[in-house]
Each structure stands twice: as C-alpha cells, then as structure tokens.
1. Are any residues in the stretch 92-136 in contact (Cβ under 8 Å) with a residue 12 or more places away in the chain and on the phi > 0 side of the Ramachandran plot, and if so, which ones?
2. Can you name every residue in the stretch 19-42 that is within 19 Å of residue 124 (Cα to Cα), open to solvent by less than 10 Å² (accessible area, probe 1.4 Å) and in a helix (DSSP H, G or I)?
3. List pairs: first residue in the stretch 5-16 and over 20 Å from residue 63 (Cβ atoms) and open to solvent by 10 Å² or more (accessible area, probe 1.4 Å), second residue polar (S, T, N, Q) and not in a loop (DSSP other than H, G, I, E, B) anywhere in the structure, Cβ distance under 8 angstrom, at least six positions apart or on different chains.
4. Within the stretch 108-126, is there a residue that is under 12 Å from the mean Cα position of the chain (by Cα), within 12 Å of residue 5 (Cβ to Cβ) and open to solvent by less than 80 Å² (accessible area, probe 1.4 Å)?
5. With 78, 64 as the choices, which residue is in contact with a strand residue (DSSP E or B) (Cβ under 9 Å, 6 or more places away or on another chain), surrounded by fewer than 18 Cβ atoms within 10 Å (Cβ to Cβ), over 18 Å from residue 20 (Cα atoms) and of a type in the set (Asp, Glu)?
6. With the checklist (1) open to solvent by less than 30 Å² (accessible area, probe 1.4 Å); (2) in contact (Cβ under 8 Å) with a residue 24 or more places away in the chain; (3) under 14 Å from residue 6 (Cα atoms) in hand, flag the one item residue 89 doesn't pass.
7. Scan the stretch 1-28 for residues that are closer than 16 Å to residue 55 by Cα and among the acidic types (Asp, Glu) and jot them down.
8. I want to confirm something. Restricting to the stretch 92-102 and keeping residues that are out of contact with any Asp or Glu (no Cβ under 7 Å at 6 or more places or on another chain) and open to solvent by 30 Å² or more (accessible area, probe 1.4 Å), which single residue is nearest to residue 10 (Cα to Cα)?
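The values are calculated or read from the model by the stated rules, or taken from the named source; none is laboratory data. Quantities reported herein were computed from a predicted structural model and do not represent experimental measurements. Methodologically, a virtual Cβ is constructed for each residue, glycine included, from the backbone with ideal geometry; neighbour enumeration extends over all protein chains shown. Keep in mind that these areas ignore ligands, DNA and RNA; they rest on the heavy atoms of the full protein, side chains included. Shrake-Rupley method; radii C 1.70, N 1.55, O 1.52, S 1.80 Å.
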Amino acid sequence: MKIVVIDGQGGRIGKMIIEEISDMVIGHEVVAIGTNALATSSMIKGGATLAATGENPVVVNVRDADVVIGPIGIIVADSLLGEVTEKMAVAVASSKAKKILVPISKCNQVVVGVQELPLSKYIELVREQLKRELGL
C-alpha cells in the first residue's frame, strides 16, 4: 500500500502523523511531501524515509496512492497561506486514494459539525482511521 503524507508551512502536522503511524506502516511505502523545504525537512525528522518537495511531487505521487493524509487544506487551492496550488488541490481531490484529512480551521476552512479538538487528538484519530484502511 502506498501512503502519501502531505503538509506545508512548518510541517508540524505531517511530522506528528509520521511519528504516530510509523509502527503500523512497516512494509508499506510511505512518501512525505512538503509544499516547501521546511515542511519536508520536518517530516524527515519525524521518520520519513521517502520525501520530496513541491507541486510536481504532489501531483505525481497522489496518482497511484492508496491513502493520502494531511490537513484539510491540501484539497483547497491557495490554502496553507497560498502554498497549496490549484494543481496540487485538484490532484489530491481527484485522486482515487482514500483521503484522511485533519480538520484544521485555518485559512478560512471550517467543517461544520466537527468538534474543536487538540491536534494530538486529531492525530490519534488519523492513526485509527489508517489502521482500519490497513485492515489492522
């Protein structure tokens, strides 16, 4: 299974996700993609072994991904302070991959009905959802 973790800005969410899922994804391909070099570097520090930066790696890697994980902004053009390009958002949104999105309420994106939880709790929920996707 190919799992793509996408993050931007400082890469804190992506790093936390990679740290949280690392024990479950042994034997699976995990690709960390930052919208900028700082985000990519942060995810590498979190344990990512395959990593890339920028628009084209997002577009290329979500094509054959089974699961894409990241903040909800990865499906919204111009989000993450403009780091998510239209091409990136369209590629992620139209990918056949299961998307596990963290509902971060920044950049004017609010998902009604979603509780405001600490980021650590959202990361735990990401782990549980990925566990179901992996059949564990």
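1. Listed by number, the list holds a single entry, 107.
2. 21
3. Close Cβ pairs satisfying both conditions: 10/42; 12/42; 15/42; 16/120.
4. Within the stretch 108-126, one or more residues are under 12 Å from the mean Cα position of the chain (by Cα), within 12 Å of residue 5 (Cβ to Cβ) and open to solvent by less than 80 Å² (accessible area, probe 1.4 Å).
5. Residue meeting the stated conditions: 64.
6. Every condition holds for residue 89 apart from (2).
7. Across the stretch 1-28, the qualifying residue is only 7.
8. Out of the qualifying residues, it is 101.
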